[in-house]
Amino acid sequence: MPRKVRNDYLNCARKMPRLRHTVGDKFDIRTSEVVKWLLKQPDIAQKVFNFAMNAGVIAYDPATGEWRGADVP
């Protein structure tokens, strides 16, 4: 029986196709097919954005209408 996901935004991963994700000495997160697929999912991408915004590591500048890293003037 599959586990119930407590975070609804991850439910889309239940339909992920077979993808490659090498582990071990040669692992590189930038080449993971799994990570690339996950980040293309709107619910997951929105959650990553919300995490960054709520943590205060990105900020909206209403004067320019742009988002920026919190340490960027």
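For the reader, a short list of remarks on this structure follows.
- Close pairs from region 61-73: first farther than 18 Å from ASN50 by Cβ and of a type in the set (Ser, Thr, Tyr), partner modelled with pLDDT under 95 and surrounded by 10 or more Cβ atoms within 10 Å (Cβ to Cβ), Cβ under 9 Å, at least 6 apart: none
- Of all residues in region 17-47, those satisfying the criterion of being in a loop (DSSP other than H, G, I, E, B), of a type outside the set (Lys, Arg) and without any contact (Cβ under 8 Å) to a residue 24 or more places away in the chain are PRO17, LEU19, HIS21, THR22, VAL23, GLY24, ASP25, PHE27, ASP28, SER32.
- Residue in region 21-36 that is touching a Ser or Thr at 6+ places or on another chain (Cβ under 9 Å), among the charged types (D, E, K, R), at pLDDT below 90 and surrounded by fewer than 10 Cβ atoms within 10 Å (Cβ to Cβ) present: yes
The values are calculated or read from the model by the stated rules, or taken from the named source; none is laboratory data. In this text, all values refer to a predicted model and were calculated from it rather than measured experimentally. For neighbour counting, all protein chains shown are included, and Cβ atoms are generated from backbone atoms with ideal geometry for every residue, glycine included.
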